[in-house]
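Enquirer: Got a structure for you, questions after.
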Amino acid sequence: MTDPIRFLMCAPDHYDVDYVINPWMEGNIHKSSRSLAVEQWEKLHHIIKDHAIVELVKPEQGWPDMVFTANAGLVLGKDVVLSRFYHPERQGEEPHFKSWFESQGFTVHELPKDVPFEGAGDALFDREGRWLWAGYGFRSELDAHPAIAEWLDVEVLSLRLMDERFYHLDTCFCPLTGGYLLYYPAAFDGYSNRLIEMRVPAEKRIAISEPDAVNFACNAVNINDIVILNKATKELRDRLEAVGYRVIETPLTEFLKAGGASKCLTLRITEPVRTELHATTQIDTRTIHMMGHLLDAGLMNRALDLIVDGGGSFKVLNFNLGEQRQSPSEAEVKVSAPSAEVLDDIMSQLIDLGAVPASEDEQESLREAVPQPGVAPDDFYVSTIYPTEVRIQGTWVKVQNQRMDGSIAVTYTDQGPVAQCKLIRDLAIGEEVIVGTRGIRTLHKVENRDQKASQEFSFMSGGVSSERRVELMVEQVAWELRHVRDQGGKVVVTAGPVVIHTGGGQHLASLIREGYVQALLGGNAIAVHDIEQAMMGTSLGVDMNQGVAVQGGHRHHLKVINKIRRCGSIAQAVESGVLTKGVMYECVRNQVPFVLAGSIRDDGPLPDTETDMIAAQQQYAELLKGADMVLMLSSMLHSIGVGNMTPSGVKMVCVDINPAVVTKLSDRGSLESIGVVTDVGLFLSLLVNQLHQLTTVYQTVS
Ligand code: ARG
């Protein structure tokens, strides 16, 4: 004979909507009818009494939500995990429920303070008792789950709630006898839905629609084959009946105003223990260390937000606030996630922020062999622009050829292990690739607390001062260019045809002539229109002096391409006197190397255009080596390509009339990139002007 099923309920003597702690309560303060509530509660009480035993806990004045006994705690056998309410409005219920449980001989387990958990409202046993589904995201903390697993000796599966209307797991999730599950998938994140689908076979999943969900159809009490709920559409009722359940509807509208229905109003206090099953949880944890202007630079917020947004939870173990303006702060944070997979996603973002494994958490990096040439193992770590180190054989090894969007390949030499960034297509058999996120750290400079992460200036956008601001930017860039030239450094320019169309060609040519440019990267088009202008005075058929379209001018550039093709190359065109001025001419004359990368829309192309994209990328990367500064002039594609190849620490100046391009390129989370939203021709003319002034000053001084 099995023991009778028992429930705990609490009469609505003091029930009311007194405050707002969930979206259902909004606009409902003191709007529920006590007499109707009593009537509805009694009906429910009756129905349940027909199928089980109901115990009652004494309602307490001042705790209107005590009727929702599902939130008293979570019971398994003789153990109960007492709730720790998230909202102060309900915390006063805790001692009353605690003494009731104690009076009934339960062993009461209490979570540490600040680890909220709202009992059976957020934790539901599989009705076969195989595991516990536990919700988090609004009222209960993920960190409560391992403790519950331990105390109740069960497997806990964590589900993340995403829709604040379904703030407790039991508002959108109801395991039924026979392994069925009634639930509202849209209330959960993708990972949780996958977990549900892995555990509950498709034929046992009864996914409900929104109209049923908002009527709290999932907030049902299931006793053997009966399902007691507020309201169900005909469709849902038919589906439940088709698989053998008897549906009993009983209106609970007065309680819906507080965000609860039949399941919330009851707590099942007989949950049989399956002694053959034991505690496990998929929850994975790691401790990270962060240093820098954690508060001033907003790093701490970003890290903690990122953990929570990624579906994890955190505990700040240590926080040392820097005492002076310049002193960095330090923090140690324990990060938990419902699974290793989710933790890896969170960790990869934290690593990008500069979080490093806490020293006691330093682990060997994980590596897998390249499975086939040009292919990485599935879980490969994707590199960033930041200097990176990986832990190999117990030491941190610096990664070479740092760039974005590569993998990290490891080989072993007599001098020890070598790690380098490699594009996946370049991976070779015999190499190992870093996978996962263990044993990886990126090193970030501690940013000056006074400076903003991105300095963006916008021309013509913000009143009269903006014109002056572009001038200020030009002054700064001019100073840097001058500085790099004096030091014998390297400036690489990427430029689009807009440079020529806007009349900037002559200025770029003069920068090259005067030794400010050490390499030029672009597409077919910049060279084509530069040469068109040099030979015919037009750019895409527009007369560059008059600013008007020339008759038949749209064919000019094809004539020009043809002429260069006849010469064999741009250099030969210069040699033979066919090309006598312009950007490309200056490159040839001053031995400034250039790469022209082809594209689908190229006319011609010029003989110099590299149409093998992989070869073009390699040549770009080659010319970028050792660059001190990259000047990106109105070419979104070439500039983004270059940005990906360039490690942090290289100054980047991006000039474009389109603010979106500037934001995309200058948002590298570092101080080294400057964005200028302006006309590129105008920018170049101001720049050349400024450089001349600087040079004159230098000459008079020396
Ligand atoms: N007003 C209560 C709250 O927001 C309703 C609780 C409903 N209980 C439940 N198990 N879903 O806490």
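The values are calculated or read from the model by the stated rules, or taken from the named source; none is laboratory data. Owing to the predicted nature of the structure, the values given are computational and were not obtained by experimental measurement. Quick reminder, even Gly has a Cβ in these numbers, built from the backbone with ideal geometry, and neighbours come from all protein chains shown.
Enquirer: Consider residue 152 carefully, then state whether it is crowded, with 24+ Cβ neighbours inside 10 Å and in contact with a strand residue (DSSP E or B) (Cβ under 6 Å, 6 or more places away or on another chain).
Expert: Criteria not met by residue 152.
Enquirer: Considering only region 86-130, how many residues are surrounded by fewer than 20 Cβ atoms within 10 Å (Cβ to Cβ) and in a loop (DSSP other than H, G, I, E, B)?
Expert: The qualifying residues number 17.
Enquirer: Which of the residues that make up region 261-299 are within 16 Å of the ligand (Cβ to nearest atom), hydrophobic (A, V, I, L, M, F, W, C) and touching a Leu at 6+ places or on another chain (Cβ under 7 Å)?
Expert: Correct list: 261, 265, 267, 269.
Enquirer: Ok, one more. From the list 340, 261, 297, exactly one residue is in contact with a strand residue (DSSP E or B) (Cβ under 8 Å, 6 or more places away or on another chain) and modelled with pLDDT under 95. Which is it?
Expert: Every option except 340 fails the conditions.
Enquirer: Something else now. Are there any pairs, at least 6 apart or on different chains, whose C-beta atoms fall under 8 Å, with the first in region 575-598 and without any contact (Cβ under 8 Å) to a residue 24 or more places away in the chain and on the phi > 0 side of the Ramachandran plot and the second in a loop (DSSP other than H, G, I, E, B) and basic (Lys, Arg), and if so, which?
Expert: From region 575-598, no pairs qualify.
Enquirer: Looking at residue 526, is it crowded, with 20+ Cβ neighbours inside 10 Å, at pLDDT 95 or above, more than 27 Å from residue 643 (Cα to Cα) and under 48 Å from the mean Cα position of the chain (by Cα)?
Expert: No, not satisfied.
Enquirer: How many residues does region 217-260 contain that are assigned to a loop (DSSP other than H, G, I, E, B), within 16 Å of the ligand (Cβ to nearest atom), in contact with a Lys or Arg (Cβ under 9 Å, 6 or more places away or on another chain) and over 20 Å from residue 128 (Cα atoms)?
Expert: Final tally of qualifying residues: 4.
Enquirer: Please indicate, with yes or no, whether at least one residue in region 169-192 is small (Gly, Ala, Ser) and crowded, with 18+ Cβ neighbours inside 10 Å.
Expert: yes
Enquirer: In region 159-173, how many are in a loop (DSSP other than H, G, I, E, B), more than 10 Å from the ligand (Cβ to nearest atom) and not hydrophobic (A, V, I, L, M, F, W, C)?
Expert: 1
Enquirer: Here is a follow-up. Could you grab me the full set of residues in region 610-636 that are surrounded by fewer than 21 Cβ atoms within 10 Å (Cβ to Cβ) and among the polar types (S, T, N, Q)?
Expert: Once the filter is applied, which keeps residues that are surrounded by fewer than 21 Cβ atoms within 10 Å (Cβ to Cβ) and among the polar types (S, T, N, Q), region 610-636 yields 611, 617, 618, 619.
Enquirer: Kindly establish whether residue 70 is in contact with a strand residue (DSSP E or B) (Cβ under 9 Å, 6 or more places away or on another chain) and within 12 Å of the ligand (Cβ to nearest atom).
Expert: Yes: the conditions hold for residue 70.
Enquirer: Something else about it: Counting only residues that are farther than 13 Å from residue 358 by Cβ and touching a helix residue (DSSP H, G or I) at 6+ places or on another chain (Cβ under 6 Å), which one in region 315-346 is surrounded by the fewest Cβ atoms within 10 Å (Cβ to Cβ)?
Expert: 342
Enquirer: Go through 604, 626 for me and flag whichever is in a loop (DSSP other than H, G, I, E, B) and closer than 25 Å to residue 666 by Cβ.
Expert: Of 604, 626, the one residue that is in a loop (DSSP other than H, G, I, E, B) and closer than 25 Å to residue 666 by Cβ is 626.
Enquirer: Residue 275: modelled with pLDDT under 95, part of a loop (DSSP other than H, G, I, E, B) and surrounded by fewer than 22 Cβ atoms within 10 Å (Cβ to Cβ), yes or no?
Expert: Yes.
Enquirer: Filter region 30-57 for residues that are part of a helix (DSSP H, G or I) and of a type in the set (Val, Ile, Thr) and give the result.
Expert: Of everything in region 30-57, those that are part of a helix (DSSP H, G or I) and of a type in the set (Val, Ile, Thr) turn out to be 38, 47, 48.
Enquirer: Shifting gears a bit: For residues that are part of a helix (DSSP H, G or I) and of a type in the set (Gly, Ala, Ser), scanning just region 551-592, find the one that is surrounded by the most Cβ atoms within 10 Å (Cβ to Cβ).
Expert: 573
Enquirer: Continuing with the same structure: Collect the residues in region 1-29 that are more than 11 Å from the ligand (Cβ to nearest atom), surrounded by 21 or more Cβ atoms within 10 Å (Cβ to Cβ) and part of a loop (DSSP other than H, G, I, E, B), keeping them in residue-number order.
Expert: Passing the criteria: only 10.
Enquirer: Taking residue 190 as the residue in question, decide whether it is in contact (Cβ under 8 Å) with a residue 60 or more places away in the chain and more than 16 Å from the ligand (Cβ to nearest atom).
Expert: Judged against the criteria, residue 190 is not a match.
Enquirer: Please go through (1) among the basic types (Lys, Arg); (2) modelled with pLDDT of 90 or more; (3) touching a helix residue (DSSP H, G or I) at 6+ places or on another chain (Cβ under 8 Å) for residue 625 and return the number of the only condition it doesn't satisfy.
Expert: Result: residue 625 fails condition (3) only.
Enquirer: Does region 501-520 contain any residue that is of a type in the set (Lys, Arg) and farther than 23 Å from residue 485 by Cα?
Expert: No, because not a single residue in region 501-520 is of a type in the set (Lys, Arg) and farther than 23 Å from residue 485 by Cα.
Enquirer: Tell me, which residue of region 32-43 that is at pLDDT 95 or above and within 14 Å of the ligand (Cβ to nearest atom) is farthest from residue 222 (Cα to Cα)?
Expert: Within region 32-43, the match that is farthest from residue 222 (Cα to Cα) is 37.
Enquirer: From the list 367, 325, which residue is of a type outside the set (S, T, N, Q) and part of a strand (DSSP E or B)?
Expert: Matching residue, one of 367, 325: 367.
Enquirer: Among the residues of region 286-309, count how many are part of a loop (DSSP other than H, G, I, E, B), of a type outside the set (A, V, I, L, M) and either buried (at least 21 other Cβ atoms within 10 Å of the Cβ) or more than 20 Å from the chain's Cα centre (by Cα) (or both).
Expert: Going through region 286-309 one residue at a time, the tally reaches 2.
Enquirer: Go through region 637-656 and give me each residue that's surrounded by fewer than 18 Cβ atoms within 10 Å (Cβ to Cβ), at negative phi and either part of a strand (DSSP E or B) or in contact with an Asp or Glu (Cβ under 7 Å, 6 or more places away or on another chain) (or both).
Expert: 644
Enquirer: Which count do you get for residues in region 377-434 that are touching a residue at least 60 places away in the same chain (Cβ under 8 Å), crowded, with 22+ Cβ neighbours inside 10 Å and not in a loop (DSSP other than H, G, I, E, B)?
Expert: Of the residues in region 377-434, 2 are touching a residue at least 60 places away in the same chain (Cβ under 8 Å), crowded, with 22+ Cβ neighbours inside 10 Å and not in a loop (DSSP other than H, G, I, E, B).
Enquirer: Which of the residues spanning region 463-488 are modelled with pLDDT under 85 and either among the aromatic types (Phe, Trp, Tyr) or not in a helix (DSSP H, G or I) (or both)?
Expert: If the condition is that a residue be modelled with pLDDT under 85 and either among the aromatic types (Phe, Trp, Tyr) or not in a helix (DSSP H, G or I) (or both), then 463, 464 are the ones that fit.
Enquirer: Okay, next question. Please determine, by comparing only the residues of region 529-550 that are under 46 Å from the mean Cα position of the chain (by Cα) and assigned to a strand (DSSP E or B), which one is surrounded by the most Cβ atoms within 10 Å (Cβ to Cβ).
Expert: 539
Enquirer: How many residues, within region 343-364, are within 23 Å of the chain's Cα centre (by Cα) and either at pLDDT 90 or above or in a strand (DSSP E or B) (or both)?
Expert: 12
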